[in-house]
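Every number in this text was worked out from the coordinates using simple rules, so none of it is lab data. Everything quoted here is computed from the prediction, not taken from an experiment. Don't worry about glycine lacking a Cβ; one is built from the backbone with ideal geometry, like all the others, and counts go over all protein chains shown.
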Amino acid sequence: MSNYIRLTYASSTTSKPATIRQDLLAILNEAQMHNSNHGICGVLFYGNNYFFECIEGRKLDIDILYEKLLKDPRHKEVVLLSYQPVTKMRFMGWNMKYVLQEPAIIEFFESNNWEKFNPYALDEDLIEPFLNILANHNESTPGEREEVLGREAVRGHVLNYKYAVFIIGIALLILVGMYMFTGFGSSVPVQGINMR
């Protein structure tokens, strides 16, 4: 008979690039404090503006925590990936382990034809191998976390800047096209348009 539940979910961050670092550190600190008080353990992986989390513990504690997580405004589009009874907790000893994107993890993504991390693509067959990789990697130190989280924030800011430039470029092309094809700003009537 199973004594514990293992729950995994995927979600998307709602944090802005300027605050993601502080938000992730707060999430980790809150999780470690809450989980240590409730006999819950697990692992958190963040990348490409997505979260993947696995939590393990007694059924009632996991159910209560998951309901709380569903209401957390720091993420959205929460999707339950797995919920299963287990006889042994895989992440015992980690109130909330945080794993950095290391070569074995990147290799896992590439072997599954992912250009970037996307936890929503983890199906039943991929969750266990991914959890094995996360379980076999050392937890990052607080210094490593802050360094990587800072890089993630900068990368997110650069991507948002590139996206804004792209949108402005498209808008300018549309305006130029409208100007050229409608004769906007011209005193010469365009053929086929009645200018009365």
On a 28 Å Cα-Cα criterion, which of the cross-link pairs Lys88/Lys116; Lys59/Lys97; Lys68/Lys97; Lys68/Lys88 come out too long? Lys88/Lys116
Sort Tyr50, Tyr98 so that the residue with the fewest other Cβ atoms within 10 Å of its own Cβ comes first and the one with the most comes last. Tyr50, Tyr98
Of the listed peptides 21-29, 101-109, what is their order by residue-averaged count of other C-beta atoms within 10 Å, with the highest listed first? 21-29, 101-109
If each K or R counts +1 and each D or E counts -1, the residues other than Leu81 whose Cβ falls under 10 Å of its Cβ total -3
Spin-label pair Lys59/Asn113, simplified geometry with 7 Å Cα→Cβ offset, distance in nm: 3.9
Using a Förster distance of 35 Å, how high is the FRET efficiency between Glu128 and Gln22, based on the Cβ-Cβ distance and rounded to 0.05? 0.60
